[in-house]
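Down below is the structure, laid out as structure tokens.
The values are calculated or read from the model by the stated rules, or taken from the named source; none is laboratory data. Remember, predicted model here, so these are calculated numbers, not experimental data. Each accessible area value is taken on the protein alone, full model and side chains, heavy atoms only, with ligands, DNA and RNA left out. Shrake-Rupley method; radii C 1.70, N 1.55, O 1.52, S 1.80 Å.
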Amino acid sequence: MIDWNAIDKVFLDMDGTLLDLHFDNRFWREHVPARYAAARDLPLDQAKAELLARYKDHEDTLTWYCLDHWSRELGLDIALLKEEIDHLIAVHPQVLEFLEALAARGKRRVLVTNAHQKAIALKMRKTRLAGHLERIISAHDLGLAKETPGFWPLVQAIEPFDPERTLFVDDSPKVLRAARDYGFRHLLAVLAPDSKAPPNAGGAYPAIHGFGELLPSLRG
């Protein structure tokens, strides 16, 4: 699937790609509504409906990923609430083997995520993934979400890369499309971001269900 001799750097998404999206889906769809309902003495169904509508208003913007924004908007300490269910934070199968195989082949490993810095810090503490990456880039440090035109030139300014020789792996078709529009030649979609949900259908990009699929060619 991939000619590793044609790749110098590998840019990797975090949630849904390296990490199981089940944590985030459970957090935003169940845990936050439950805490919001309790704080406002609302029926849970009403809280869920209200929050889902508010989430949708910020879809595909950096605000959606900002824990500080939601703490202010909802009157809840979102970063603290994440810690309440942090036992659900999990690395996808064979991610560590994949990252180590990349290192063995001399590929630079860069995390490029929309996640807020506080979320990244929590997940790195829980997973120790930072030790398997050369760099972590948060969209919040750049001021634009990954799906936004103009994002990749900002990355280019701090982490120079050749789009023709960089592999980008993500679970979001919108994010992959923005990368393709910037000129990435090597794109890979993750079809099973949430281990507790059915996999996504394949689309316009080469795709994997898990990183174990890449290990034979990478090690070979």
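For this structure, a couple of remarks:
- Value of relative contact order over segment 1-76, rounded to a whole percent, pairs C-alpha under 8 Å and six or more apart: 17 percent
- Per-residue HN-Hα couplings for segment 189-201 [Karplus 6.51, -1.76, 1.60; θ = phi - 60°; Hz; x = Gly/Pro]: 9, 9, 8, 10, x, 10, 5, 9, 10, x, x, 6, 6
- In the structure shown, the pairs 118/196; 82/107; 48/118; 9/82 are assessed against 29 Å; a Cα-Cα span above that value is assigned to 82/107; 9/82.
- Among the protein heavy atoms of the chain, carbon and sulfur supply 51% of the accessible surface, probe 1.4 Å, non-protein parts ignored.
- Rolling a 1.4 angstrom probe over the protein heavy atoms with all chains in place gives segment 34-166 an accessible area of 49 Å² per residue.
- When DSSP beta bridges are restricted to pairs lying wholly in the chain, around 5% turn out antiparallel.
- With contacts taken as Cα pairs under 8 Å at a separation of at least 6 residues, the chain carries a relative contact order of 28 percent.
- Residue 116 long-range amide H proximity, modeled H, under 5 Å: 67
- With the helix formula -39500 (n - 2.57) applied to DSSP H stretches of n ≥ 4, the chain reaches a computed 222 nm mean residue ellipticity of -11500 deg cm²/dmol.
- Rolling a 1.4 Å probe over the heavy atoms of the protein chains gives segment 175-220 an accessible area of 52 Å² per residue.
- Karplus 3J(HN,Hα) series, Hz, for segment 22-33 with 6.51 cos²θ - 1.76 cosθ + 1.60 (x for Gly, Pro): 4, 4, 5, 4, 5, 4, 6, 8, 10, 5, 4, x
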